[in-house]
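Below is one structure, written out as structure tokens, with a few remarks after it.
The values are calculated or read from the model by the stated rules, or taken from the named source; none is laboratory data. From a predicted model like this one, the values you see are computed outputs, not experimental measurements. In this analysis, Cβ positions are derived from the backbone assuming ideal geometry, glycine residues included, and neighbour counts consider all displayed protein chains. Surface accessibility is based on the protein's heavy atoms, side chains included, excluding ligands, DNA and RNA. Shrake-Rupley method; radii C 1.70, N 1.55, O 1.52, S 1.80 Å.
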Amino acid sequence: MKIYGIVVAAGYSSRMGRLKALLPLGQRSVLERTVTALRDGGALDVFVVTGHEAERVATAAQSCEAQVVHNPNFDSGMFSSIQAGVQALPKDCDAFFVLPVDIPLIRPCTIRALAMNFCERKAPVSIPCFQGQEGHPPLISATLIPAILAHGGTRGLRGVLSKFPHANLEMPDYGILHDLDTPDQYAWAKKRFTQREIPLPEEVTALWELAGTPHNTRKHCKAVAECACELAKWLNASRTAHDTVSPELIRAAALLHDVAKGQRSHERAGGTLLAGYGFLQISDIVGAHKDSFLPEHAPITEKELVFLADKITRGTERVTLAERYDATLERWAHDPEAVAAISARKARAQKLLQRFEHETGFCAHEQCASPS
């Protein structure tokens, strides 16, 4: 399947007060972020439609090796720019994305998922959704090109797409909804961009739903998150500023450590799931929460704190390591090989807990606050 991308970057940016396409987001511009997301998601080529400040936008588009299409009628509305982009698509096009330049936080995994969904189902229109709300970008079959070019503009692109069957695809990607119309929205996007590999609370819920995480397991995850954040507070208090751990990373990883509970090797399954959705920072922590292998001189990190919090939380209650592991040992008492493996894991956990308590002076089991 040959799938392309259209980025609409022709508007005045009047509410922003500055040209949105060229605003910095990390080390790249907003325009480059949108082009890169489409390309990383599988688009063979990306066509950037210019209008207002055409030369500046075209220069930026060419710098990231995108094709430039100028719409001289851009002031008649966005739909005219979409039509200009559609007219420029290669004849071998099977489908194409339409993405406004001011939706820069979309994840490449969302683009890939839409492309795979189209390859399997050949739906005329595929739309990503976040918690039931439709977002950007739609993936449109090339069979709709004549209808788009013939449309008079009423209700814009939506007026065309509403006439054809949709395939909605739920994704744990709040970025499909967040645009940059105002300075406040831009400020939020810059802050969010620095932590884009850590899911928002709403994205955590979306991941639970997509994975079918049992509700009792979710309660356990919330209890582990509270405990892990408490451990992090004490560890950070005992360290210098440049050696601290991230409470945000810890909370997200703890909330999702059992996201794949019920599956075989659920820790690895959960890590793989999260990596596939682009949450790379927490995927490693989730994938390793069953056991601890911290070298003697290596510092305690977010990974070890989530592991410890999980091991001293059974259900939603605090327990000792002995209580947690001895119950498992009793359950597997008939299997000498399993007993040896569990005993080894228990010894590693006890050693890690001793290191934590020695470094912080904090008795984890006795003082770790119960979840609210």
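Only Cα pairs under 8 Å and at least 6 apart count here; give the relative contact order of segment 1-159 as a rounded whole percent.
Rounded, it is 27 percent for segment 1-159.
Could you give the distance between the Cα centres of segment 1-71 and segment 259-299, to the whole Å?
Comparing the Cα centres of segment 1-71 and segment 259-299, I get a distance of 36 Å.
Could you identify which residue out of Arg314, Arg158, Arg107 has the top mean-square fluctuation in a GNM of the chain using Cα springs shorter than 10 Å?
Ranking Arg314, Arg158, Arg107 by mean-square fluctuation puts Arg158 first.
Would you look at the GNM of the chain, springs on alpha carbons closer than 10 Å, and say which of Ala269, Ala288, Ala322 moves the most?
Ala322
Using only Cα atoms, find the angle between the long axis of helix 302-311 and the longest principal axis of the chain, and express it within 0 to 90 degrees, rounded to the nearest 10.
50
Against the longest alpha carbon principal axis of the chain, how many degrees, from 0 to 90 and to the nearest 10, is the axis of helix 215-237 turned?
The angle comes out near 80 degrees.
Percent of alpha carbon pairs in the chain separated by more than 38 Å?
32
Going by average Cβ density within 10 Å per residue, which order do the peptides 248-256, 18-26 take, highest to lowest?
Ranked from most to least packed, the peptides come out as 248-256, 18-26.
Find the relative contact order for the chain and round it to a whole percent, using C-alpha pairs within less than 8 Å whose residues are 6+ positions apart.
Value for the chain: 13 percent.
In whole Å, how far is the Cα centre of segment 313-342 from that of segment 95-151?
Segment 313-342 and segment 95-151 have Cα centres separated by 48 Å.
Compute from the Cα atoms of segment 196-303 the Rg and the Dmax, the latter being the longest Cα-Cα distance, and quote both in angstrom.
According to the Cα coordinates of segment 196-303, Rg and Dmax are 13.7, 40 Å.
Which value does Rg/Rh take for segment 214-372 over its C-alpha atoms, Rh per Kirkwood?
Over the Cα atoms of segment 214-372, Rg/Rh equals 0.95.
For the chain, with a Gaussian network of springs between Cα atoms less than 10 Å apart, report the residue from Met116, Met171, Met78 with the top mean-square fluctuation.
Met116
Segment 1-97: which GluC sites (Glu not before Pro) are DSSP loop and have at most 13 other beta-carbon atoms within 10 angstrom?
Taking segment 1-97 and a limit of 13 other Cβ atoms within 10 Å, the loop GluC sites (Glu not before Pro) found are Glu65.
Give the relative contact order (percent, whole number) for segment 216-372; include only Cα pairs under 8 Å separated by 6+ residues.
It comes to 28 percent, rounded to a whole number.
What trypsin sites (Lys or Arg not before Pro) does segment 71-152 have in DSSP loop regions with at most 10 other beta carbons within 10 Å?
Qualifying residues, ordered by number: Lys91.
Using the per-residue mean of other Cβ atoms lying within 10 Å as a proxy for protection, in what order, highest first, do the peptides 208-215, 330-337 fall?
In decreasing order of mean packing, 208-215, 330-337 become 208-215, 330-337.
Can you give the helix-only mean residue ellipticity at 222 nm for the chain, where every DSSP H stretch with n ≥ 4 adds -39500 (n - 2.57) and the sum goes over all residues, rounded to the nearest 500 deg cm²/dmol?
Mean residue ellipticity, 222 nm, calculated: -14500 deg cm²/dmol.
If a/c stays under 1.5 just call it rounded; otherwise compare a/b with b/c (prolate if a/b is bigger, oblate if not). Do that for segment 96-188, with a ≥ b ≥ c from the square roots of the Cα gyration tensor eigenvalues.
In terms of gyration-tensor shape, oblate.
Compute the accessible area per residue over segment 265-372, keeping the other protein chains in place, probe 1.4 Å, unit Å².
Result: 52 Å² of accessible area for each residue.
Restricting to DSSP loop positions (anything but H, G, I, E, B) with no more than 13 other Cβ atoms inside 10 Å of their own Cβ, which chymotrypsin sites (Phe, Trp or Tyr not before Pro) remain in segment 228-294?
Filter output for segment 228-294: Phe293.
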